[in-house]
Every structure is written in C-alpha cells, then in structure tokens.
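Read through the structure below, which is laid out as structure tokens, and then see the notes.
Just so it is clear, none of the values below were taken in a lab; they were calculated from the coordinates. Remember, it's a predicted structure, so these values are computed and weren't measured experimentally. Here Cβ is always computed from backbone atoms with ideal geometry, including for glycine, and neighbour counts include all displayed protein chains.
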Amino acid sequence: MDNKVKVCLIGSGFVGKKHAAAYRNQSDAKLQVVCDTNEDSAKLVAEEYGFERVETNWYKAVVAEDVDLVCVCVPNNLHFEIVSEAIKHRKHISCEKPLGLNSSESEKLVLLAKEKGIVADCCYNIIRIPAITYAKKIISSGDLGKIVCFRGKYDNDRLADPNITFEWRMLKKNSIGGSLCDLAINILAVSQFLVGDIVSVCGMTDIIHLKRKDSNGNLIDVENDDIAQFICSYQNGAMGYISSNRVAPGSKQDMQFEIQFTKGAIRFSMERMNEIQIYKSGENGFSTVISDKQGWFCIGYEELKTLDAQVMLNNIKNKACPDTDFRFATKIDYVIESALESAIKRTWINVKSYSL
Ligand SMILES: NC(=O)c1ccc[n+]([C@@H]2O[C@H](COP(=O)([O-])OP(=O)(O)OC[C@H]3O[C@@H](n4cnc5c(N)ncnc54)[C@H](O)[C@@H]3O)[C@@H](O)[C@H]2O)c1
C-alpha cells in the first residue's frame, strides 16, 4: 500500500476528471488529494473517483508530505507557479499542455526540473495513440525512405456556435493562442515525435466570433485565434502544413495527418483512432492496419489518458526521463510563438533553436 504513488490533482474540470479516471485505473497509484477553487466541483470529483481528501488552496495541496505526484489541470496561466512550487518540494509532475503560458516560463521549468531530478512530464497524450507509436516504429525502420512532407490538421466545432459562453482560454493573459494552443498543439506534438524539429514557419490566424457573452451576459472581446494555418520547414529538410479550427461546423475530433516519404506514405485520422493507413512503393494502394504483432488494443480518449498515466508511473519507478518531457514541451511553445509572430508580421519566422 505504502509503495503506491500518491496523486494530487489540481483542477477538477474537463481534463482533471480524465486524470482522476486514469490514475484510478492504476494499481500502483493512490488518489490522495483533489484541489479546486470550486469546492463543490472538487468534492464531486473526490466522491466519484475516490480521493482521500479535498483542498481549495493549491499550495497546501502541492506541498503536503503525503503527495508524490502532482497533476496540473488548471488554466495555462497557472501552470508555471504551481509546477515551480511542486518541483521545489520534489514532487513528480504531470502537467497539462501547454507547459507554461509561454516558452520563457517553460524554459525556466526545464532548468528547475533538471536541478531537482524529479520526473517531469507534459501531457502530450496524443502520441500515446498506439497507431502513432506504430507509425514511429515504421518510420524508424527506414522502410518508407526519407520524409518529404508532413500535413496535419485538427478541427472541431465545440465553439462553432457564437452563443457558446466565453471561456478563460479566449484571453491572452490565460493562453497565448486559441486553436493553436487547444488543437494545433497536438498536431505539433505528433509532428515533433514523428518528423522532428520545425525550424521556420509562415502562418495566418483569424478570430471568427469576435465577442462572446460570459455567464453573467456581459459581452467580452475574444483575443485568441479561432482558426490558424501555417506552412513550415523541418530541420531534416522536410516541408509541412499545419492547421487548426475550433469553430469548424460538423468537425468533431477531426485530427488527421499524412506523412509522405520517398518510398511510401502514412495516413491517420483520430476519428478512426485504431487504424493507420500505410503505403509502401510497389504496393497497389494504401493498406489499413488495425493492430500489429505487439497486440495493441482498441482505444478511445480516456484510455489514452490511462496509457499516459501508466507511462508516467513507469518513469517514476524506473527514474526515467519521459519522451514528452519539459524540453519536448518547450520546443512546441517555440513553434506556436513563431506562428503567432509570423501571422502578425505577415512573414516567415525562424523558430528559436533549443539550447537548454
Ligand atoms: N491533453 C488534453 O487532451 C487536454 C484537453 C483539454 C484541456 N487540456 C489542458 O488542461 C488544462 C485545463 O483545461 P480544462 O479544459 O480542463 O479546463 P476547465 O476550465 O474545464 O477546468 C479548469 C479547472 O481548474 C480550476 N481552477 C482554476 N483556478 C484554480 C486554482 N487557482 N486552483 C485550483 N483549481 C483552479 C477551475 O475551477 C476548473 O475546475 C489546460 O491547460 C488545457 O490546455 C488538455
């Protein structure tokens, strides 16, 4: 019992509940404390998932002696302070994406995590999709040749209705980007995992619904992009195109990518998460693969979180560095910032190269 990793969840909103479900499914984890400034929400989550206790003050929750791992599931502008304190108190971290509000916060967290030697992960759970792990294996084998082009998009219609209530993520002080930080960020994680680092971008963004009513009926200006697109070039010479739209009528979780190689191609659509399409030169069209010899199973979004939790706990046990560590997260921040700068300046921008 005492060997279990004791989990502290900060934030009991949409994604906090997914963390609660994911760690409840792990035999080597214990749901210790859930914290939310909305006490009713924290109490409901504690009851539903079985946390030992509830807090409303994140500092008290994070520094508690009976906590080993802190899951940070609050708005982006709060990540830095909470993660910093948690690391200072030598807690392992599973922080939702994006890591900091901006890359300068993320860079500081990279250094802090390194200094304290804890396991520090940013939840780019999208790369845990078994089909994407499988794609990585195929790419690494070299069978498809050299990567020529990556094209990825992530569209949904969650905010397509202009009457949907204003949310924290629409203001710059809470999140530097809109669809870029909600949706394209996931494509960027896949692109970084499968293709490599992006070195330059040229993009555009737009806000389709300029004002939304808050829960009191006040009209608030939306500051972050509803839609974004950019072309890019990769360090390995490949070229790319990435787009995101969170006001796309009819699109649910329409995340798709295609990678073209010199000797083949890969296609993936998240709405068909358990399939991957592969083409090898000489074959008569794409083949759809739904499992490989390792025997991965059919999954959905919640199982992705469960897989992510499993990887996190294994990393803690083995004192291993996560593949989606804070450096991985910081590189993604650099690309988002460059895409935003490019959209404002209407020109190509070189992406900061990673030097930490
Ligand atoms: N990995 C993914 O698939 C994924 C999906 C959605 C959101 N996210 C990320 O997760 C984070 C949270 O997003 P969400 O959609 O769950 O938001 P949300 O608004 O649904 O939930 C945020 C919760 O944080 C609580 N909160 C706010 N300030 C707090 C404080 N000071 N202390 C404690 N609790 C506080 C709120 O009361 C709310 O319950 C964001 O960073 C977002 O980008 C990731």
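Across segment 201-214, in residue order, what do the Karplus-derived ³J(HN,Hα) couplings come to in whole Hz, using 6.51 cos²θ - 1.76 cosθ + 1.60 with θ = phi - 60° and x for Gly and Pro?
9, 9, x, 9, 9, 8, 10, 8, 10, 6, 9, 9, 7, 7
Can you compute the helix-only [θ] at 222 nm over the chain? Use -39500 (n - 2.57) per DSSP H run of at least 4 residues, normalise by all residues, nearest 500 deg cm²/dmol.
That calculation yields -10000 deg cm²/dmol at 222 nm.
Could you please report the charge total around Asn245, scoring K, R as +1 and D, E as -1 over all other residues with beta-carbon less than 10 angstrom from its beta-carbon?
-4
Once you have all Cα-Cα distances for segment 5-125, histogram them in 5 Å bins from zero and send the whole-percent values.
For segment 5-125, the pair-distance distribution reads 2, 13, 25, 26, 20, 10, 3, 0.
Using amide H atoms built 1.01 Å from N in the peptide plane, name the residues 5+ places from Ile220, or on other chains, whose amide H lies under 5 Å from its own.
It is Arg212, Lys213, Asp214, by chain and number.
In whole Hz, what ³J(HN,Hα) sequence does segment 52-69 give by Karplus (6.51, -1.76, 1.60; θ = phi - 60°), x for Gly and Pro?
So the J values, rounded to whole Hz, are 5, 8, 10, 10, 10, 10, 4, 4, 4, 5, 6, 8, 4, 5, 8, 10, 10, 10.
For q = 0.12, 0.14, 0.20 Å⁻¹, what log10 I(q)/I(0) does segment 174-297 give under the Debye formula with an equal point scatterer on each alpha carbon and no solvent?
Values, matching the q order: -0.59, -0.76, -1.22.
Can you give the three extents of the C-alpha atoms in segment 272-346 along their principal axes, from longest to shortest, in whole Å?
The Cα atoms of segment 272-346 stretch 44, 42, 23 Å along their principal axes.
How far is the Cα center of segment 151-185 from the Cα center of segment 132-148, in Å?
Comparing the Cα centres of segment 151-185 and segment 132-148, I get a distance of 31 Å.
Give the peptides 168-179, 45-56, 329-340 in descending order of average Cβ contacts within 10 Å, highest first.
With the highest mean Cβ count within 10 Å placed first, the list reads 329-340, 168-179, 45-56.
Going by amide H atoms built from the backbone, whose H comes under 5 Å of the H on Leu9, apart from near neighbours?
The list, which skips near neighbours in sequence, is Val33, Val34, Cys35, Cys71.
Which pairs break 28 Å Cα to Cα here: Lys17/Lys153; Lys317/Lys352; Lys4/Lys137; Lys17/Lys88?
From the list (Lys17/Lys153; Lys317/Lys352; Lys4/Lys137; Lys17/Lys88), the Cα-Cα distance tops 28 Å for Lys317/Lys352; Lys4/Lys137.
Taking amide H atoms as placed 1.01 Å from N in the peptide plane, list the residues 5 or more away in sequence, or in a different chain, whose amide H sits under 5 Å from that of Cys149.
Sorted by chain and number, the residues that satisfy this are Met239, Gln260.
Kindly write out, for segment 185-195 in residue order, the coupling ³J(HN,Hα) from the Karplus curve 6.51 cos²θ - 1.76 cosθ + 1.60 (θ = phi - 60°), rounded to whole Hz, with x marking Gly and Pro.
Ordered by residue, 3J(HN,Hα) equals 4, 6, 5, 5, 5, 5, 5, 5, 5, 9, 10 Hz.
Multiplying the sequence separation of Asp197 and Asn57 by 0.36 nm and subtracting their Cα-Cα distance, what value in nm do you get?
Here the segment from Asp197 to Asn57 would lengthen by 46.6 nm.
Going by the alpha-carbon gyration tensor, a ≥ b ≥ c the square roots of its eigenvalues, is segment 77-141 rounded (a/c under 1.5) or, if a/c is not under 1.5, prolate (a/b greater than b/c) versus oblate?
prolate
In square nanometres and to one decimal, what's the mean projected area of the convex hull around the Cα atoms of the chain?
18.2
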